[in-house]
Structures are given as structure tokens and as C-alpha cells.
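One structure below.
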Amino acid sequence: AIPLIIDTDPGVDDAFAIALAARSPEVELKGLTTVFGNVALDLTTRNAQRLLSYLGRKDVPVARGAEGPSGAADVHGEDGLGGQAHTLPDDNEIIDPDDAVQFLEYTVTPDTTVAAIGPLTNIANALESGIVFPRLIVMGGGLGLGNTTERAEFNFWADPEAAQVVIRKGNPIVVPLNLTHRCIADTEFLARVDPVLSNLTGTYRAYMENRSENQGIYVHDAVAVAEAIIPGTLKLKSHLLDVDDEGALIEGKHQVEVAEDTDWPALRAFMEQRLSV
Ligand code: BDR
Ligand code: CA
């Protein structure tokens, strides 16, 4: 199995991504490193612990990472899980003694994949401290497209400097909004998967309906993690890119693999199957 570490700010679609990894034998989940983002670090860390407990994976270490100004409670709820964090068990007190960067330093091996599905602060700090990621998959950015400002996607917007470091030095596979906006877990999808996970999506669905975007939720982070589980799920193309000071993904001189396409009906069926109980 492919060793996998997920750097995450759960987060409703983070929860789907973590569940997908935990229930996929192709990967061995080596740990979750947490970061501020959708909500504050204390909550994202607690949510990571709760999700692992719910998934029967208290053996997976959780290492705390960077704090910062959070801000997506309108999408993910005040508790980060659609006001439903309390439906998950709260009996996982295990926290790794190392912080996220140290954990990455000790845990990443030459065959490890890291999926970064929150703001990139931990990953940038790790790169700055000399850690090399053999395979780094990042959910973030949008080419000519944003979801937080007109031009910036949330994970890049939350720490633009970190996104710059990752694009310039991290040699990442980037899974942008342009692709994830085509990957919608609609009401039929949500009716078929684990009801405990579906139940986390209420705030997110209300947000989407209010903006009359769609019926359902974007499963941004699960799309990125699917590529970690089954390489080749996403069709990649090299681009020369950079990130500006506002967190917009722009043309530049740094070579990045961008996920441009996928067979969504097939990926959707894969997710449904793995996320069902
Ligand atoms: C990203 O922002 C977060 O709200 C989601 O969890 C995802 O990682 C999408 O822009
Ligand atoms: Ca996320």
C-alpha cells in the first residue's frame, strides 16, 4: 500500500477525503497533520481526532500544525462539520508529541504521498526546513477562478505566501477549482453514502442552495485524495505557474502538474462505493 499523510483542516469535504483514505486498502494512512483553515486549529484538530475515532482508526496519529485566521464557518459550520461534530465520538485523546512539521520530517519516506487539503502553512514550513516531498498533491487554486475572492481559492487565499512556496519549491500536483467544481456530490450521492458523513453536509448544502450554485456539495478534497489512492485518476498537464500576493494562481515560471480532467461518473461511483457502509 502507498504510505499517505493528509494535511487537513476538517472541514466537510476534508471529512469525505479522510474517510475515503481510511477506507481504501491501496493506501496506508500514516497520519493526519492539522492546520487552521475552515475553522481554528483547535477545532480542526479535534475534528481530525473525532473522524478517526468514528472511522475506527484511532491508531492513526494526529499532529498539530499551524494556527492562523480561520474563516469558512458559513460553508462548514461553526464547528467545521456542519454543526454535527457532536455526532462523532469524542473519545480520541491521542495527539502526537511532535508538531506537524516534525511529524512530516520523521514520517515522510521516499515512497510517501502527502495530500495537502487545507491552507499550505505546514507544507511551506516543511519545505523551508528542507523536507522533500516525493509526491505532493495539493487541493487549491483556480485558473482564472476563485471561491473566496474573484481570483483566489480558499486554501491559497488563507496563506498566499505558503502557496507561493509550495508552487515554487514543492513540485506539486495541483487539483484546482476548475476541476473540483465539476465534482459535485449531489443529493442522490449523499443519499447513498454513510449517513453519518452525509449528515455533516447540511450547512454546506444550505450555503450552496442560497447561492443557487448547485444541489449538493463540492467534494474538492476527496478528488485530490482519490489521486493519492489511485494514481492516474486525474488527467494531469504541465503548466508554468506562480501565486500572487492575494493567493491567485497565475501564469509564471514554475513547472506544476495541474489536474485538468477526470472521468467524474467513474470517480463518483468509486467514492460512493468506498464511502458507503
Ligand atoms: C477548499 O477550501 C476548503 O473550504 C475546502 O475544505 C477545500 O479544501 C476549497 O476551496
Ligand atoms: Ca480543506
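Data for the structure
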{"read-out": "Potential lengthening between Asp91 and Asp261 on full extension [0.36 nm per residue; Cα-Cα distance subtracted]", "value": "57.2 nm"}
{"read-out": "Amide H contacts of Ile173 (H built 1.01 Å from N, under 5 Å, at least 5 apart or other chain)", "value": "Leu136, Ile137, Val138"}
{"read-out": "Ranked list, fewest to most other Cβ atoms within 10 Å of each Cβ, for Thr45, Thr187", "value": "Thr187, Thr45"}
{"read-out": "For region 37-51, Karplus couplings with θ = phi - 60° (6.51, -1.76, 1.60), whole Hz, Gly/Pro x", "value": "x, 4, 9, 5, 4, 4, 6, 5, 5, 4, 4, 4, 5, 4, 4"}
{"read-out": "Taking Lys235, Lys58, Lys253 and counting other C-beta atoms within 10 Å, the order from fewest to most", "value": "Lys253, Lys235, Lys58"}
{"read-out": "Per-residue HN-Hα couplings for region 211-217 [Karplus 6.51, -1.76, 1.60; θ = phi - 60°; Hz; x = Gly/Pro]", "value": "8, 6, 6, 6, 8, x, 10"}
{"read-out": "Positive-end extreme of charge dipole, the chain - chosen from Asn155, Phe103, Ala269 (charges on Cβ)", "value": "Ala269"}
{"read-out": "Rounded, prolate or oblate (a/c below 1.5 giving rounded, otherwise prolate when a/b exceeds b/c) for region 78-172 by Cα gyration tensor", "value": "oblate"}
{"read-out": "Cα-Cα P(r), the chain, percent of pairs per 5 Å interval", "value": "1, 6, 14, 20, 22, 19, 12, 5, 1, 0"}
{"read-out": "Entries in Lys30/Lys253; Lys58/Lys169; Lys58/Lys237; Lys30/Lys235 that, when Cα-Cα distance is taken, lie over 28 Å", "value": "Lys30/Lys253; Lys58/Lys169; Lys58/Lys237"}
{"read-out": "From phi via Karplus (6.51, -1.76, 1.60), per-residue ³J(HN,Hα) for region 167-175 in Hz, x at Gly/Pro", "value": "5, 7, 10, x, 6, x, 8, 9, 10"}
{"read-out": "Label-to-label distance, nm, for residues given as Asp42 and Glu246 (7 Å Cα→Cβ offset)", "value": "3.4 nm"}
{"read-out": "Within the chain, helix-based [θ] at 222 nm, where runs of 4 or more DSSP H residues each add -39,500 (n - 2.57), nearest 500", "value": "-10000 deg cm²/dmol"}
{"read-out": "Under 5 Å, built H, 5+ apart or other chain: amide partners of Ile2", "value": "Val27, Glu28"}
{"read-out": "Computed E for Glu209/Glu105 - FRET, C-beta separation, R0 30 angstrom, nearest 0.05", "value": "0.10"}
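Just so you know, all these numbers are worked out from the coordinates, no wet-lab data involved. What you are looking at is a predicted structure, and each value in this text was computed from that prediction instead of being measured. As a convention, Cβ positions derive from the backbone with ideal geometry for all residues, glycine included, and neighbour counts pool all protein chains shown.
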